[in-house]
1. Can you name every residue in the stretch 153-166 that is part of a helix (DSSP H, G or I) and either within 28 Å of Asp41 (Cα to Cα) or open to solvent by 10 Å² or more (accessible area, probe 1.4 Å) (or both)?
2. Just to be sure, is Tyr65 under 24 Å from Phe402 (Cα atoms), surrounded by 14 or more Cβ atoms within 10 Å (Cβ to Cβ), touching a helix residue (DSSP H, G or I) at 6+ places or on another chain (Cβ under 8 Å) and of a type outside the set (A, V, I, L, M)?
3. Does at least one position in the stretch 409-428 carry a residue that is within 30 Å of Ser52 (Cβ to Cβ), among the charged types (D, E, K, R) and open to solvent by less than 70 Å² (accessible area, probe 1.4 Å)?
4. Can you say whether Trp288 is free of Cβ contacts under 8 Å to residues at least 12 places away in the same chain, closer than 22 Å to Leu195 by Cα, open to solvent by 20 Å² or more (accessible area, probe 1.4 Å) and not small (Gly, Ala, Ser), as far as the supplied structure shows?
5. Every residue in the stretch 268-285 that is open to solvent by 70 Å² or more (accessible area, probe 1.4 Å) and either touching a residue at least 40 places away in the same chain (Cβ under 8 Å) or closer than 22 Å to Gly322 by Cβ (or both), please.
6. What are the pairs, 6+ residues apart or on separate chains, where a residue within the stretch 196-222 that is farther than 28 Å from Ile330 by Cα and among the charged types (D, E, K, R) has its Cβ under 7 Å from a residue that is open to solvent by less than 30 Å² (accessible area, probe 1.4 Å) and part of a helix (DSSP H, G or I)?
7. Given the residues Ile370, Ile401, which is the only one that is in contact with an Asp or Glu (Cβ under 8 Å, 6 or more places away or on another chain), surrounded by 13 or more Cβ atoms within 10 Å (Cβ to Cβ) and on the phi < 0 side of the Ramachandran plot?
8. With the condition kept exactly as written, say whether any residue in the stretch 40-51 is assigned to a loop (DSSP other than H, G, I, E, B) and not aliphatic (A, V, I, L, M).
Amino acid sequence: MNPLSPSHQTLSNKGIAACVLLAALLLQLPLILNPGYFSHDELQWAALANASTPSPWLETSAFQYRPLTFSLWMALSRALFDTPMLFHAVLVLWGALNAVALHWIGRSFGMSRWPAVFGALGFVLTPYAAYTHGWVGCMADLIWLSCALGIALLVQRARAQWMAAISSATLTTLALLGKEAAFAIPPLLALAWWLDDDAARKSRWWTSMLATGAVCAVYLGLRLDVLLHAPREGSQYTLSVLNLPQRWFEYQIFAPIPPLLEISTTLRRSGPVLLAGLLWSGMLIALWRASPKLCTLFLLGGIAALLPVLPLGSSWNHYGYGFAAITAMIIAGAWPQASHLGRGVILVFAALTALHGGTVMWRIQHVGRIQAVFSPALAHALRTHPTGITLQLAPDAKDWIFVRLTHSIPSYQGVAIGNRVRIVNANAPADYRIHADGTLQELR
C-alpha cells in the first residue's frame, strides 16, 4: 500500500493529534497535581452544590447569566470537589483538547505540521491558558472557546452552508450561556473568512458569521438592559470606552513578564513593562517582515478575541484565553517565513511567555497546597468556636491568599463559615495565627 495514501495520512494526523494531547497534559502536570484550590469561588460553588442549590437557568435578570457554566460547575463540584487532583485533571484535559482543536484548525488553514504543533503547545504554556486551566473559576472561558473552536472545525469540514449556519448558531448559543465573552465569535469568524484562501470555504465562513451574529444580536436585545444596569460585584465590571487602550496594552505585554501572577498588576513595574513593550514591538516587526497579512491578523485577531472584555474596569488572565489561542497560532504560523533575526525575537518572546506560564502553574499549585491545609484547619477551629474566630497573619503569610480563601464562603466540610472569620495583621489580638503554609497556631 502507498504510505502516502489517504488512510495512512489520516492515521498520521490522528497520531500527531494524540501526541499534542499527551504533550499538553505533561506540560501542565503541575496543575493536575494541585492538591487544593486557588480562590474563594471554587469553595463557594462547592458549598452551593452540597446544599443542592437549583441550577440558575431562570435567573435571567442576573448580571452574570451563565446557567450552563454554573450548572456544570455545581455538577462537577458534587462529583469531584473532594478529589482536587481529579477535578483539575478534567479541566486540564479539557484545555488540552482545545489545544488539539487549535492544531487541527491551523493545519486546515495551511500551517506546516511542526508550526501547528508548537503553536498549540505554546498556547497551553501561555500565562493566560495556565491560569484558565488551573483555576476552576475559569470554566466559563473553557466553554466559550471550545464552542468557538468547534465552530471553526465544523465550518472547515461542512458540506453545505446550511450545515455551517445551524451548527454555528447552536454552538454560539451554548457559548453565550457559558459566558458573554462569546460575543467575540462573529468578529473572529469574519477574520477567518478574510484569512482563508479556499474559495469553497469562504462562503461557509461568511454564512457562519451571519448566523452567529444573529444569535448574538438576539441575545443582546434580550439582555442589553440587564448588562448595562443590573447590580454587579466590583468595579472590574464597570464598562467604559476609556478603558480600551489600557486594557489592550496590558494584554499585549503581560505574557513576557514571568514574575507576574495576574495581569491586573502589570503596570505597577515600569522597567519590565518597558522591556516587554520593546520586545513586543520587535516581534511585531518580525511578523510584518515574515507576512504582512499574518501581522495584521495578529493585531486584528487579538482585538476581536478581546473585544467583549476591553471596556471592563480591569484585566484578568482568563479574559485573554481566546486571545492567547489565536495569537499563539499566528506567531507559530509566521515562523517558517521569518528571517533569522525575526526568529530570534520570536524565540525570546515565546521562551519568556512559556516561562511565565510555568511560573503561573507553580504559583497556582502553591496556593492549592496552602488551601488544602488551611481550609480543613479553619473548619476544625470553627467547630470549637461557635461565635467565630479572629485570625492573625504571620509576618511571612501572604494576606491575599487567606483573604480570598475566607471571602463569602457559606461553609466548608459542613461547617458554616460566612462572616464568622476575621483576619487581622501580625501582632493584633487573635485566636489563631495563620502561618505561611496554611497551618493555624492557637494563641488563646
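1. Once the filter is applied, which keeps residues that are part of a helix (DSSP H, G or I) and either within 28 Å of Asp41 (Cα to Cα) or open to solvent by 10 Å² or more (accessible area, probe 1.4 Å) (or both), the stretch 153-166 yields Leu153, Leu154, Gln156, Arg157, Gln161, Trp162, Met163, Ala165, Ile166.
2. On the way: under 24 Å from Phe402 (Cα atoms): no; surrounded by 14 or more Cβ atoms within 10 Å (Cβ to Cβ): yes; touching a helix residue (DSSP H, G or I) at 6+ places or on another chain (Cβ under 8 Å): yes; of a type outside the set (A, V, I, L, M): yes.
For Tyr65, the condition - under 24 Å from Phe402 (Cα atoms), surrounded by 14 or more Cβ atoms within 10 Å (Cβ to Cβ), touching a helix residue (DSSP H, G or I) at 6+ places or on another chain (Cβ under 8 Å) and of a type outside the set (A, V, I, L, M) - is not met.
3. Among the residues of the stretch 409-428, at least one is within 30 Å of Ser52 (Cβ to Cβ), among the charged types (D, E, K, R) and open to solvent by less than 70 Å² (accessible area, probe 1.4 Å), which makes the answer yes.
4. Working: free of Cβ contacts under 8 Å to residues at least 12 places away in the same chain: yes; closer than 22 Å to Leu195 by Cα: yes; open to solvent by 20 Å² or more (accessible area, probe 1.4 Å): yes; not small (Gly, Ala, Ser): yes.
Yes; evaluated as a whole, the condition is true for this residue.
5. Narrowing the stretch 268-285 to residues open to solvent by 70 Å² or more (accessible area, probe 1.4 Å): 268-270, 274-275, 278, 285.
Scanning the stretch 268-285 gives a single hit, Ile285.
6. From residues that are farther than 28 Å from Ile330 by Cα and among the charged types (D, E, K, R), there are no pairs.
7. Working: Ile401 fails: in contact with an Asp or Glu (Cβ under 8 Å, 6 or more places away or on another chain).
Answer to the check: Ile370.
8. No, the conditions are met nowhere in the stretch 40-51.
The values are calculated or read from the model by the stated rules, or taken from the named source; none is laboratory data. Given the structure is predicted, the values throughout are model-derived calculations rather than measurements. A quick note on method: Cβ atoms are made from the backbone with ideal geometry, for glycine too, and the neighbour counts reach across all protein chains shown. Note: areas computed on protein heavy atoms with side chains; ligands, DNA, RNA excluded. Shrake-Rupley method; radii C 1.70, N 1.55, O 1.52, S 1.80 Å.
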